[in-house]
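Student: I have a structure here, written as structure tokens, and I will follow up with some questions on it.
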Amino acid sequence: MAKEQEAAAAGGAGGRPRLCAMQKGETGYGFHLHGEKGKSGQFIRKVEPDSPAEAAGLRAGDRVVEVNGVNVEKETHHQVVQRIKAVETETCLLVVDKETDEYLRSLRLTCTEEMVHTGIPTHPDASPVKSPASDNGDVWKLQAELSSRNLKRHKHSLSSESGKKAA
């Protein structure tokens, strides 16, 4: 197993998905969201220093999995931005770094909020884990195959420091 996979499996630094809850500051949340050509999903391009996003643990390169509890992996850039803006003063993003994302994909697992707390199974045959307070079934879900279509590159700043619309 590669080092990053071992770190991901062990839940080490960067080894788990992260839940980043933040309150909007005077200049917005302080992160820039964009889509990457040929990759599914939306990514954090830049995190402003001393911003609510930085304080919440958001990092450049993170892929956004959920916005305020809703999976956005198959949504367009515009739809993700609208979800972030839907709650005016705060947002909560479930994100995954590149190494953890690749590890989850290698296991054909979809990232879930539960993994923030319980970790990631070390192999695909791992038994599903249920939270004691949860009765909604298996936490580990097989990831649907992603299409390889080319996606347009979109950028959006969720900070009023740029010339773009602030969130």
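Student: What is the ratio of the Cα radius of gyration of the stretch 51-123 to 2.2 N^0.38 Å, with N the residue count, to two decimals?
Tutor: Details: Rg = 12.8 Å, N = 73, 2.2 N^0.38 = 11.2 Å.
Dividing the Cα radius of gyration by 2.2 N^0.38 Å gives 1.14.
Student: Okay, moving on. Quick one: which of LYS37/LYS98; LYS46/LYS98; LYS37/LYS74; LYS24/LYS98 span more than 19 angstrom between C-alpha atoms?
Tutor: Details: LYS37/LYS98 16 Å; LYS46/LYS98 15 Å; LYS37/LYS74 14 Å; LYS24/LYS98 26 Å.
LYS24/LYS98, as the Cα separations exceed 19 Å there.
Student: With no solvent and one point per C-alpha, what does the Debye sum give as log10 I(q)/I(0) for the stretch 28-93 at q = 0.25 Å⁻¹?
Tutor: -1.18
Student: Ranked highest first by the average count of other Cβ atoms within 10 Å around their residues, in what order do 51-59, 83-91 fall? Write down the numbers at each step before the final one.
Tutor: Values: 51-59: 19.8, 83-91: 14.7.
Ranking, from highest mean packing down: 51-59, 83-91.
Bear in mind these aren't lab numbers, they're just calculated from the coordinates by the rules spelled out. Keep in mind that what you see is a predicted model, and the values were worked out from it rather than measured. In this analysis, Cβ positions are derived from the backbone assuming ideal geometry, glycine residues included, and neighbour counts consider all displayed protein chains.
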